[in-house]
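K.L.:
Here it is, the structure, as C-alpha cells.
Laboratory data are not the source of any read-out in this text; all were calculated from the coordinates shown. Note that the structure is a prediction, hence the values are computed from the model and not measured. When we count neighbours, we look across all protein chains shown, and the Cβ atoms used for this are built from the backbone with ideal geometry, even at glycine.
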Amino acid sequence: MSAARFVQPPRPAGSSTKRDRTAVRAATSLAPTLATAAAKLRRRFGARLLEEEESFGELTFVIAPGDWMRVLAFCKSAPDLGFDQLDCLMGDHLPERADTPFAVLAHLTSHTHAHRLRVKTFLPEGGSLPTVTGLWPSAGFDERETWEMFGVVFQGHPDLRRLLTAEDFEGFPLRKDFPLEGIVGGRVRTELRGKI
Amino acid sequence: MSDVIDSGTAQARDVDATPSDAPPRPTLEQLKERKARTRQRLETGGDIMTISMGPQHPSTHGVFQMVLDLDGEVIVDLRPEIGNLHRGVEKLCEHRTYHQIIPLTDRLDYNSAFAMNHGFCEAAEKLMGVEVPARARYIRTIAHELSRLANHILWLGVHIMDLGTQTFFVICFRDREYLLDLFEMLTGARLTHSFARIGGVAKDLPDGFEQRCRKVIEFLPKRIAEYERIVKHNRIYYKRAKDVGIFTSEDCYAWRVTGPTLRAAGVARDLRKDEPYAAYDEIDFEVAVEYNADVYDRFLVRMTEMRESCKIIRQCLDGLPDGPYVARDAAHSLPMKRDVLRDSAAMIQDFYQVFRGPQAPKGEVYRAVEVPKGEMGVYIRSEGGAKPARVRFTTPSFYHGQAMPALAVGEMVSDLVAIFASVDVVLGDSDK
Amino acid sequence: MGVTDGPLRHVDDADVRAALEAETLGGPVRLPGGIALPVQIERVLGFGRSFSFWPLLFGLACCAIEMMALGGSRFDMARFGMEAMRASPRQADGMIVAGWCTVKMAPRVVRLYEQIPDPKWVLAMGSCAISGNIWDTYHVVQGIDSLIPVDVYVPGCPPRPEALWQGLEMIRDRVKQSRHAYDGLRRIPARDLVAAEGEGQS
C-alpha cells in the first residue's frame, strides 16, 4: 500500500506501452502449426498477400478483394491450414484511408490445429465482395450485418436483407460519419408517435 | 426416493448406466444417418403453410422470430429474424472509454453478465499488455463459474418449462436465488454487475463471502442430482429430447455453433482448456463431453458442467492467493478503492482513469473466451487513446439463432421449442 | 413502419397531456354503444379485478429475468394472484414492459398493447423502458411512454423483484380505483359526461 508502486506517472498516449507490448509479444509468439500454415499460404499466394502483420500473437494477412474467395477457400480446404470455422466476419470503416475506407475482416479458427488467422481486405466506397456462405454457412448473418452496417455488398449472398435494424432504416450505422443518435434527431421520441 | 420420481422406461435407465455397459458412442456417419432419417420426412411434398412464431411467444426466450414453412407438422424451412433488441452496442463502444464499455457488456448476455465483462476485459488487457494479478484471476474465475451456474440453472428451468412443466421452473429459481445472493454480496447487483475491471476486478471478496460460497457449492451438487432425478429419467423428457435436433460436429463448425452444443456432439472443445485465461490453467477440471449430439445430450453436458463449475469454485477458494485485486498499472487500470482514499498517487490515477481513460496502444486484437453459451470473441481495433476505434462482439447466440434452420428443418414443429431452447439463445446477446 | 391503423393515429401531445392531467378518477366501464356504468359499480368491479390482475407474459431484455425471478419461488408472485402471466394479449389485463424497446420492436409493442382488452394498465420496468437508459443510440426508443401510456414506472437497472412487486401493488391500487392512463389516447363517447359526474361527486 505504499506509494512506491506509483513511481511512474500516467504517460501520454503513444509512448506509454512500449515495454508492455514487447512483453506481450514475447509471451505470445505464433504457434508452430500457424507458422507452417503461414508458410504454406505464402508459398501458394506469394505476392498476392499484400501485407503481413504479426502482433499480439495474432497473424494477419491483407489481400486484394479479388482474391478474397480464393484465399479463404484455400484456408478452409488445405490440410495444413484446416480453418474449419469462421469465427467472425466483420466490417470496419477507416475514413483516413481515402481510396479504400472499408475493411472486411475474417477471423478463422481451426479445430484440428487449434490456431487462428485473420484475413483482411480493403474496399472502396460501393465495393463488393463474393459471399463465402458456400464455404461457411455461418457467414450468412455476418455478411448481412456487414452490409447493413457499412454498405459493403456481398455478391451471391442468398438473402441480403437488413438483419438487425428496422426494415425502413436509412443509412449505415457503423460508419464513422453516422451520428450515434441516428440521422433524424429526436425521431424516436417525437415523430414515431402516431405513425405506428 | 428416486423410485417414486423415477418413471423412466428401461430404455431411459440405460442412458444413466455406467460407462462399461453404456451404449457405444455413435460415429459421425451414424449421426449423419440419424439426421438424414429426420430429413426423410420432408419428402412427402404436401402443401406448405407459412406461419410466424414470435417475436411475442412464450418459448422464444425473448423476442426471437422464426418464420416457419410447415408441411403438416414437419418444418420444411425456417427463417430466423433477429434484431428486435438491437441497440447499437458496437457503435456506442466507439464513443466510450474502455472502462465505460464494461457496463455495456453486462447487457449483452444478461444471464451471465460477468462472463461478458470478463471477455471484454481479457481482450482489452491483451491489447494494453496488462498483467492481471493472481488474486484477481482467481476472483474472476469464481465469478465466471458462478455466472455459468446461474446461466445453466436458468436455462434448465426455462427449457423444461418450455416442454410443459411449471413446477420445475420454480425449483430451479429457488436455487438460482442463492447464486444471485452470492453475486449481490460480491458485486452489489443481482444481474448486471459490471464487476470486472481492466487489470482485475472492482473490489475484493467481502467478509463472509468465502463461507457462504462454500455452503452454496456444497449443497448445489445435491440439487443438481435432484434435477437429474426429476428430469434425466423422466420418460416424457427422454422421449421429447432423445434423438431430436441432431447437430453433428461438422454442422457445428460450419454454423459456428460452440459451447455445450458442440461438446454434446463429441468435441472436447473448451476455451478454458484450449486457450486458458484467468486461473483456468491452474485448476483441475474436466471438459464435459457427450456423443449423441441431440437435445438430451446437451442437457447432460450442462449438468456435468455445473458439477465441474462447483469443483472449480471450490479449488479457487482453497487456493485463493493474497495480493492486490487489480493490476498495479497506472496507465491502464483503475486503482484499488481503498488506496484512493489514502494515497495521493492513487487518487491521481483514479482521476486520470476516470476522466481520460486508459491509454491503449495502436493495434488490433481478437480474444475469445468460453462464456456459458459458447465462445464469445471480442475484436478491438485501437488507434491509440482511451476509446476504441472499432469493437465487435462475436456473441454465441448470434450464431446459434442463425443455425436454427440447420437444426430444425425436418423436425416436427412440436419439437421446435425443445431444439430452440437446447442451443441457449439470449436475444440481448444475439442482437447487440 | 406502419403496422396498425389503430386509434393512436392523429393524437397530438396536447391531447395526451390534457387527458393524462385530467386523469379520469372512477372512469367509466365501456359497454357496447358507449353506455357508461355509474362510478360506484365501476369501483366494485375494480375491487374485484384487482385480485386477479393478469399481466402479459412479455419480456424484452434483462428486466424480464427479474420478472421471472418474481414469479419464482423466493418472491412468489402467486401469493397475490398475479402469477398467471398470459402469453396472449387477449387474455391479459395489462403489460409489463421489461427492457429496452427498439425502433424495430416498437410497432410490435404497440400492437400487443392494442390487443389487450380494455381496461388495461402498463408498467414500465427498468431504466430502459422509462428513458432509454444508456442506449442513447440510433435504434432505441427513448422511453416507452412516447408510444403507449404508462401507469407506473419502476426504476432500476434492472429493478429488484421487490421493486417490481411494489410497482405491481401500485398498479393494483389503480385497478381498485379504476384509474388508468390509457383513457387519454382513446376517444370514449360517454367519457366526458361521466367524468363530469365524478367531479361533481368528489
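K.L.:
Using R₀ = 56 Å, calculate the FRET efficiency as 1/(1 + (r/R₀)^6) where r is the Cβ-Cβ separation of residue B:351 and residue B:49; round to 0.05.
P.N.:
FRET efficiency, residue B:351 to residue B:49: 0.30.
K.L.:
Going Cα to Cα from residue B:373, which lysines come in below 22 Å? Please leave out same-chain ones fewer than 8 positions away.
P.N.:
Cross-link targets: B:232, B:242, B:273, B:311, B:432.
K.L.:
Counting other C-beta atoms within 10 Å, which of B:291, B:399 has the fewest, and how do the rest follow?
P.N.:
B:291, B:399
K.L.:
Stretch residue B:27-residue B:362 to full length: gain in nm at 0.36 nm per residue minus the Cα-Cα span? Please report the intermediate quantities before stating the final value.
P.N.:
Details: separation 335, 0.36 × 335 = 120.60 nm, distance 4.69 nm.
This chain segment gains 115.9 nm when fully extended.
K.L.:
While we're here: Under the definition of partner shielding as Cβ atoms of other protein chains within 10 Å of a residue Cβ, what is the mean value for peptide B:379-385?
P.N.:
Mean partner shielding for this stretch: 3.
K.L.:
Continuing with the same structure: In nm, to one decimal, how far is the residue A:180 label point from the residue B:242 one, both placed 7 Å along Cα→Cβ?
P.N.:
Going by the 7 Å Cα→Cβ label model, 5.5 nm.
K.L.:
Have a look at B:159, B:332, B:57 and tell me which one the Gaussian network model of chain B (Cα, springs below 10 Å) gives the largest fluctuation.
P.N.:
Answer for the Gaussian network model of chain B: B:57.
K.L.:
Tell me which residues come under 5 Å, amide H to amide H, from residue A:88 once H is placed; ignore anything under 5 positions away on its chain.
P.N.:
Excluding prolines and chain starts, which carry no amide H, the hits are A:107.
K.L.:
Another question, then. If you place +1 on the Cβ of every Lys and Arg, -1 on the Cβ of every Asp and Glu, and leave all else neutral, what size is the dipole of the stretch B:36-83 about its Cα centre, to the nearest 20 Debye? Please report the intermediate quantities before stating the final value.
P.N.:
Numbers: 4 positive and 7 negative charges, 43 e Å.
So the dipole magnitude of the stretch B:36-83 works out to roughly 200 debye.
K.L.:
Set the Förster distance to 45 Å, then compute FRET efficiency between residue B:250 and residue C:80 from the Cβ-Cβ distance, nearest 0.05.
P.N.:
That pair, residue B:250 with residue C:80, gives E of 0.30.
K.L.:
To make sure I understand, if each residue's beta carbon is the centre and we count other beta carbons within 10 Å, what order do B:140, B:214 fall in, fewest to most?
P.N.:
B:214, B:140
K.L.:
State the Cα centre-to-centre distance between the stretch B:52-113 and the stretch A:64-108 in whole Å.
P.N.:
Cα centroid of the stretch B:52-113 versus Cα centroid of the stretch A:64-108: 26 Å apart.
K.L.:
Near residue C:104, which aspartates and glutamates are there with a Cα under 14 Å away, not counting those fewer than 8 places off in the same chain?
P.N.:
Those aspartates and glutamates meeting the cut-off are A:167, A:168, A:170, B:81, B:431.
K.L.:
Rounded to the nearest 20 debye, what is the charge dipole size of the stretch B:294-432 about its Cα centre when +1 sits on each Lys and Arg Cβ and -1 on each Asp and Glu Cβ?
P.N.:
Charge dipole of the stretch B:294-432: 640 debye, to the nearest 20.
K.L.:
If you don't mind, there's one more thing I want to ask. Excluding residues fewer than 8 places away in the same chain, name every one of the lysines whose C-alpha is closer than 21 Å to that of residue A:40.
P.N.:
A:76, A:120
K.L.:
Moving on. By DSSP, what percent of the beta bridges with both residues in the stretch A:28-155 are antiparallel, rounded to the nearest 5? Mind showing how you got there, number by number?
P.N.:
Values: 22 of 29 bridges.
Beta bridges within the stretch A:28-155, antiparallel portion: roughly 75 percent.
K.L.:
Using a cut-off of 13 Å between beta-carbons, work out the net charge of the residues near residue B:179 (Lys and Arg +1, Asp and Glu -1, residue B:179 not included).
P.N.:
Net of charged neighbours comes to +3.
K.L.:
Please name whichever of A:98, A:50, A:129 sits farthest to the positive end of the charge dipole of the stretch A:28-155, dipole taken about the Cα centre and charges placed at Cβ: Lys and Arg +1, Asp and Glu -1.
P.N.:
A:50
K.L.:
Provide the net charge surrounding residue C:101, with neighbours chosen by a C-beta distance below 11 Å and charges set as Lys +1, Arg +1, Asp -1, Glu -1.
P.N.:
+2
K.L.:
Which whole number gives the average count of other chain Cβ atoms within 10 Å of the Cβ atoms across peptide C:54-64? Mind showing how you got there, number by number?
P.N.:
Details: counts 0, 0, 1, 3, 5, 7, 7, 10, 10, 2, 6.
Across C:54-64, the average partner-chain Cβ count within 10 Å equals 5.
K.L.:
Among the helices of chain B (complete DSSP H runs), which have Cα atoms covering no less than 27 Å along the helix axis and a Kyte-Doolittle mean of at least 0.0?
P.N.:
Span-like helices here: B:134-162, B:167-187.
K.L.:
What net charge do the residues around residue B:214 carry, taking every other residue with its C-beta under 12 Å from that of residue B:214, with Lys and Arg at +1 and Asp and Glu at -1?
P.N.:
Here the count lands on 0.
K.L.:
If you don't mind, there's one more thing I want to ask. Set the Förster distance to 56 Å, then compute FRET efficiency between residue C:173 and residue A:43 from the Cβ-Cβ distance, nearest 0.05.
P.N.:
0.15
K.L.:
Let me ask you something else. Lys/Arg Cβ at +1, Asp/Glu Cβ at -1, dipole of the stretch C:52-176 taken about the Cα centre: which of C:109, C:156, C:175 is farthest positive-ward?
P.N.:
Value: C:109.
K.L.:
How do C:75, A:83 rank when sorted from fewest to most other Cβ atoms within 10 Å of their own Cβ?
P.N.:
Neighbour counts put them in this order, fewest first: C:75, A:83.
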